[in-house]
1. Restricting to DSSP loop positions (anything but H, G, I, E, B) with no more than 15 other Cβ atoms inside 10 Å of their own Cβ, which trypsin sites (Lys or Arg not before Pro) remain in segment 431-480?
2. Can you tell me what the convex hull of the Cα atoms of segment 183-341 projects to on average, as an area in nm²?
3. Below 23 Å, Cα to Cα, which lysines can LYS449 reach? Residues fewer than 8 away in the same chain don't count.
4. Positive end of the charge dipole of the chain (Lys, Arg +1 and Asp, Glu -1 on Cβ, about the Cα centre): tell me which of PRO525, LEU256, GLN367 has its Cα farthest that way.
5. Tell me, what HN-Hα J-couplings in whole Hz come from the Karplus equation 6.51 cos²θ - 1.76 cosθ + 1.60 at θ = phi - 60° for each residue of segment 30-46, using x for Gly and Pro?
6. Taking 0.36 nm per residue of separation and subtracting the Cα-Cα distance, what length does fully extending GLN367 through THR217 add?
7. So if I take the centroid of the Cα atoms in segment 1-67 and the same for segment 496-546, what is the distance between those two points in Å?
8. In segment 76-140, if every C-alpha pair distance is counted and binned at 5 Å from zero, what percent goes to each bin?
Amino acid sequence: MKAADLFIKALENEGVEYIFGVPGEENIDFLNSLKNSTIRFILTRHEQGAGFMAATYGRLTGKPGVCLATLGPGATNLVTPAAFAQLGAMPMLLITGQKPIKTSKQGQFQILDVVELMRPVTKFSKQIVNGNTIASLVREAFRLAIEERPGAVHLELPEDIAQEDCAEILYPANGSVRPHAAAAVLDQASAMIEAATRPLLLIGAGANRKKVCQALTAFVEATGMPFFTTQMGKGVVDERHPLYLGTAALSDHDFLHCAIDKADLIINVGHDVVEKPPFFMEDGGKQVIHVNFLPATVDAVYFPQLNVVGDIAYSVEQLAKRIKDKQHWDLSYFKSLKTTLEQTLTKYFTDSRFPMLPQRLVHLLRQRLADDAIVSLDNGIYKLWFARNYPCYAANTLLLDNALASMGAGLSCAMMAKMLHPDTQVVAVCGDGGFMMNSQELETAVRLKLNLVVIILNDQAYGMIKWKQQDMGFANFGLEYKNPDFAAYARSYGAYGYRIENDAHFQQTLDTCLSASGVHVIELPVDYSLNHEILNVLLKEKTCEL
C-alpha cells in the first residue's frame with residue numbers, strides 16, 4: 001500500500017471527519033489519497049484559519065481536529081494555532097509536508113526544521129522516516145492529543161516517504177480509564193471543606209466536559225455552595241442558578257473579588273495557571289483545594305494547600321457524598337453580594353447611546369439568542385465585558401480564549417461551531433483588528449454555505465492596548481488605523497453586509513440576520529469610552545463590606 005494511502009486509512013481508523021488546510025507541492029500525494037476518503041477536506045484561505053478550525057473541533061468534541069499545511073511558510077503559519085490548542089487544552093493534530101529526505105535536488109529551498117519548530121508548542125512532534133511506522137505514529141499522536149492535559153501534536157510527512165510502498169496495518173484505538181483520586185485525599189479535602197466557614201467553589205476550563213458539568217451541578221445542589229467561574233469555565237453550571245456569583249474576568253479589583261476575599265476556602269475545580277489568574281493567592285491567606293486531572297503547577301500567585309488529582313467528575317461526586325457537617329457555614333455575605341453584583345453588571349444594559357456600549361451589545365445578544373446559542377469571540381477589550389456580563393446557560397456556549405488569547409481566531413472558531421451544530425444559532429463577535437487578521441475566511445464560510453452572523457466592533461484601533469495605555473498614564477499613540485467599508489467588503493465575498501446607524505437599527509438588523517440563511521456581516525460602531533473609567537478607576541475605588 002502507498003504510504004499516503006495508509007496515512008489516510010489510519011486517520012479514518014481514528015474517526016476523523018474533517019481535515020482543514022492549505023496544501024502545497026509536498027502534500028500532493030496525501031491530497032490525492034484524501035480524494036476518495038470518507039474524510040471531508042475543507043480548503044481554507046490561510047493556514048491559521050485551518051488550525052483554528054481544527055482546534056475548535058477538538059474543543060467542542062473532545063476528539064483531535066486535523067489540519068494540513070505544506071513545509072516552510074505553510075508550517076510556520078500553523079505555529080499560532082498550535083499554541084492556541086496547546087495552551088487551551090484542545091486536542092489537535094497538525095500534518096505538514098516536507099521535501100524528500102532521501103534524495104533532493106532543491107538544496108535548502110524552503111527548508112526549516114519544522115519538527116523542532118513545533119516542539120515547544122505541541123505535546124509531540126515527529127518526522128515520519130519510514131512508511132511502515134505511519135500507523136503506529138498516528139495512533140500514538142491521537143493518544144497523546146486526547147490524554148490529559150489535551151493539546152496539539154504534529155507529524156511531518158516528507159514527499160518521498162508519502163510515495164513509499166508499505167505494509168497495510170492499523171492499530172485499534174485503545175481506550176483508557178482516568179485514575180481516581182485516592183480515598184484518603186478525598187477524605188482530607190472533605191474535612192477541609194467541612195472545617196471552613198465560608199467555602200466558595202471556583203469552576204475553570206478543565207471542568208468543561210459533559211460528565212463534569214453534571215457532577216458539578218449536582219455538587220452545587222447537594223452542598224448549597226456559591227460558585228464563580230474563570231473566563232473559560234463559563235457555562236459549566238447554568239449561570240441562571242441562584243448560587244452563581246459571576247465570572248472572574250479580571251484578576252483583581254472587581255466586585256466579585258469581595259466574595260473571594262471573604263472566603264476562607266476555595267475549591268478550585270478544573271483551573272490551571274495557563275489561564276489568566278481569577279484571583280491572586282498570598283502567603284497566610286485563604287486555603288485552596290486544587291481539583292483537577294493533574295497536580296497544580298505552582299507559581300507565585302497559585303500554590304494550593306491540597307491537590308485532589310484524578311478524574312474530575314469522580315472527585316466532585318465523591319466530595320458531594322462526603323460533605324455532611326455544614327450547619328456552621330456562613331454564606332450570607334455571598335448571597336447579599338449577589339444583589340450588588342447584578343445591579344453593577346446590568347447598569348448600562350438599557351443605555352441606547354450610539355456608537356454602542358459593549359455592555360449594551362452583550363445584553364441585546366443574550367435577549368435574542370436561544371439558550372444553547374454559541375457566541376464565538378475574537379480577542380479584544382470586549383471579551384472582558386462578555387465574560388463579566390454574558391450569562392451562559394450551557395458549557396461551551398461562549399467560545400473565548402483566555403490562554404494564548406490570540407487575535408484572528410473568532411471567525412474560524414464560529415465557522416467550526418456552526419459546522420458541528422448546524423441547527424444552533426452561532427454568532428461571531430470580532431473586533432475590527434482581530435477580524436482583519438483572518439477576514440479572508442469569509443470566502444470559506446460562504447463556500448461552505450454556512451448560516452452565520454458576524455458582528456464586527458469598529459473603533460478603528462487596537463482597543464485593548466489603548467485601554468492598557470490609558471491605565472498606565474501614557475498618551476494615546478501608535479494604535480489607530482482606518483478600516484474598509486466592512487459591509488461592502490462582506491458583499492464582495494458573496495456574504496450579506498450591513499453598517500449600523502443607531503441602536504434601533506442594530507436590533508432590527510440582528511433580528512433579520514438571526515432568522516435568515518447565509519453569512520451576514522454586521523459592522524457595529526462601538527463606544528469604548530467607559531472602559532478606563534469603569535475597569536481602571538471605579539472598580540479599584542470600590543469598597544467591600546467585609
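1. Counting only loop positions with at most 15 other Cβ atoms within 10 Å, the trypsin sites (Lys or Arg not before Pro) in segment 431-480 are LYS449.
2. 8.2 nm²
3. Here the lysines satisfying the reach criterion relative to LYS449 are LYS35, LYS418.
4. GLN367
5. 4, 5, 5, 5, 6, 4, 9, 8, 6, 7, 8, 8, 10, 7, 10, 9, 7
6. Contour length minus the Cα-Cα distance gives 51.6 nm.
7. What the calculation gives is 37 Å, centre to centre.
8. Each 5 Å bin holds this share of Cα pairs: 3, 14, 25, 22, 18, 12, 4, 1, 0.
Read-outs throughout are calculated quantities, based only on the coordinates presented, and are distinct from any laboratory measurement. Bear in mind the structure is a predicted one, so any value in this text is a computation, not a measurement. FYI the Cβ positions are ideal-geometry reconstructions off the backbone, even for glycines, and counts take in every protein chain you see.
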